[in-house]
């Protein structure tokens, strides 16, 4: 009987169609699910949608439809993207499912009955986009600490979950289970920034929101997102508060890993864990908080015009190329980046050149030199091994173990790179052996046969190990390298790709066809820009942004805005969006980075006088330090206009 393995994504919020940054998580989790199946696990992979809350209520009202109509549409789009990207989930849960609703109400009732939930009054701040309550002390510069947006005053009757009751227990649990929150930096953040500072009881109901699951004994309240959304991981399996659990829950819980974005680790490793502990339910084995996928150096935002969608990329690049980019470009602990330029470069170099060219020319040479048939065993055996043969075999046979170790520790991009490293070694082997030279000498036919067989053996391993990451491409590669019966009957699939050789002698390799056609970067980017440009006569896509809440003159005075002269300006090499300014601010030189490359040429800005926020904490963008922020205006159409000071104003003059 295969050992069960349960992994989940966070459920996607159904406010808007998800962009490519939101899509990374489902592809990453799918790659791990496919890998675990190759290891012989009985995998259950859950994903789905979070469909309640004030934000959805407001968006539906603006659109003139019911919240249910809105979430039905967006949930359909989210599931469509999961399917488009060839993800192998076992269940897609929706928090509007009647089964989920009933179990959430039972959970709330149980926690209330045993004294872990009580009625009180919430007084503080609320961020609508994040659906989060905050105290004044938790705000950063008066704004939401998670998203940086404005918050509003909130005061309402509410039910609270007694997090403070479990303060000592959760701290001890995390300390005694060092691998529970992963990576290490996320664990330290939870302990030092939240738990050790003291947990406050958590607001778990709303009266000002109607779109949610009603509190079973007080229907003027709806159950807030934390109990509603987080419970999906057990409601999907048939959890029952009375212990009459469904077979899926008995088999798969506790979860082996929750795979989530780094911004919601707190909810999963503190709120969710305390809820489970209070219910007497075992704790998940691991919470892995992955980084974000950014556009260049910025979070994706519709208002900034930097949103990329998965279906657009699939149409241009293909499913496996999009999966490959997402998985290979996201580091283990730092944010990843996506730009059209980077994706084209990866596509052309890694997929078209390194991988596609290797497979295509190897199959073409077998067709040319051996009539499309894998050479006979006797012929191959008659040629002695050379040093390069042994080295290729060593690299090939060690790749599966390296990939396994990396995926066990969630280093997905490094695992993908390991497989491409083998492809590069195979290409080098072609250069070392020069099959086209061997083919000219009949006396070298056995050597040529061994070279071809070694290449096919390496390609078979590459194809097999690409299955978690690029499943369609993997099958195409494996079709060229049919395995022997001995290899095919190895019980664990992953072990079949730790064996060099294993290609069936005398089998047909099929026709050589290009797997990835190179892309012309200039033409592609011009086409994408044109596709995203609105017609000149079109009205602005978004209205003028509402004014922020009032601030005092003392708050405004904290911003030190100075006039500075542009001494030099150039594009940042690692970004298509950023310009790097060298400024004279009246006292000395300073370097500031600004995301206005789309609207300005660097050479046109030299000599201009601009306004710069001079007392901002320095940050590093794409490897370049920025000491301040240049002031500009964003119009309703998303266009950025730099604020230019009158030439008569001296550098260093302060805006007042």
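The values are calculated or read from the model by the stated rules, or taken from the named source; none is laboratory data. Given the structure is predicted, the values throughout are model-derived calculations rather than measurements. Don't worry about glycine lacking a Cβ; one is built from the backbone with ideal geometry, like all the others, and counts go over all protein chains shown.
So in the stretch 470-496, with the set limited to residues that are touching a residue at least 24 places away in the same chain (Cβ under 8 Å) and in a loop (DSSP other than H, G, I, E, B), which one is farthest from the chain's Cα centre (by Cα)? So the residue we want is 482.
In the set 29, 49, 87, only one residue is buried (at least 20 other Cβ atoms within 10 Å of the Cβ), assigned to a loop (DSSP other than H, G, I, E, B) and in contact with a strand residue (DSSP E or B) (Cβ under 9 Å, 6 or more places away or on another chain); that residue is 87.
Residues in the stretch 97-129 that are within 23 Å of residue 236 (Cβ to Cβ), touching a helix residue (DSSP H, G or I) at 6+ places or on another chain (Cβ under 7 Å) and buried (at least 19 other Cβ atoms within 10 Å of the Cβ): 100, 103, 104, 107, 108, 111, 116, 117.
Of the residues 122, 118, 126, the single one that is at pLDDT 90 or above, within 27 Å of residue 101 (Cα to Cα) and part of a strand (DSSP E or B) is 118.
Check off (1) touching a strand residue (DSSP E or B) at 6+ places or on another chain (Cβ under 6 Å); (2) crowded, with 19+ Cβ neighbours inside 10 Å; (3) modelled with pLDDT under 80 for residue 154 and give me the number that stays unchecked. Unmet condition: (2).
Residues of the stretch 597-611 include none that is touching a strand residue (DSSP E or B) at 6+ places or on another chain (Cβ under 7 Å) and touching a residue at least 60 places away in the same chain (Cβ under 8 Å). Within the stretch 148-158, is there a residue that is in contact with a helix residue (DSSP H, G or I) (Cβ under 9 Å, 6 or more places away or on another chain) and touching a residue at least 24 places away in the same chain (Cβ under 8 Å)? The answer is no, given that none of the residues of the stretch 148-158 is in contact with a helix residue (DSSP H, G or I) (Cβ under 9 Å, 6 or more places away or on another chain) and touching a residue at least 24 places away in the same chain (Cβ under 8 Å). Within the span defined as the stretch 214-223, one or more residues are closer than 17 Å to residue 13 by Cα and in contact with a strand residue (DSSP E or B) (Cβ under 9 Å, 6 or more places away or on another chain).
What about residue 209, is it in a loop (DSSP other than H, G, I, E, B) and crowded, with 19+ Cβ neighbours inside 10 Å?
Yes.
Within the stretch 431-442, the set of residues being without any contact (Cβ under 8 Å) to a residue 12 or more places away in the chain, part of a helix (DSSP H, G or I) and within 20 Å of residue 390 (Cβ to Cβ) comprises 431 only.
Yes/no per residue for (1) touching a strand residue (DSSP E or B) at 6+ places or on another chain (Cβ under 7 Å); (2) more than 21 Å from residue 466 (Cα to Cα); (3) touching a residue at least 12 places away in the same chain (Cβ under 8 Å):
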site: 338; (1), (2), (3): yes, yes, yes
site: 352; (1), (2), (3): no, no, yes
site: 362; (1), (2), (3): no, no, yes
site: 382; (1), (2), (3): no, yes, yes
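Listed conditions (1) touching a residue at least 40 places away in the same chain (Cβ under 8 Å); (2) surrounded by fewer than 19 Cβ atoms within 10 Å (Cβ to Cβ) are all met by residue 458, apart from (2). Filtering the stretch 266-288 to residues that are in contact with a strand residue (DSSP E or B) (Cβ under 7 Å, 6 or more places away or on another chain) and under 10 Å from residue 10 (Cβ atoms) leaves only 268. Taking the conditions (1) over 15 Å from residue 89 (Cβ atoms); (2) touching a helix residue (DSSP H, G or I) at 6+ places or on another chain (Cβ under 8 Å) in turn, residue 44 satisfies each one other than (1). Checked against the criterion of being touching a helix residue (DSSP H, G or I) at 6+ places or on another chain (Cβ under 9 Å), in a helix (DSSP H, G or I) and touching a residue at least 12 places away in the same chain (Cβ under 8 Å), the candidates 467, 450, 428 yield just one match: 450.
Residues are listed down the side, and each one gets a yes or a no for (1) part of a strand (DSSP E or B); (2) touching a strand residue (DSSP E or B) at 6+ places or on another chain (Cβ under 6 Å); (3) within 23 Å of residue 319 (Cβ to Cβ):
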{"site": "2", "(1), (2), (3)": "no, yes, no"}
{"site": "17", "(1), (2), (3)": "no, no, yes"}
{"site": "21", "(1), (2), (3)": "no, yes, yes"}
{"site": "24", "(1), (2), (3)": "no, yes, yes"}
{"site": "34", "(1), (2), (3)": "no, no, yes"}
{"site": "40", "(1), (2), (3)": "no, no, no"}
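If the condition is being buried (at least 17 other Cβ atoms within 10 Å of the Cβ) and over 39 Å from the mean Cα position of the chain (by Cα), then the stretch 405-438 contributes 433, 435, 438.
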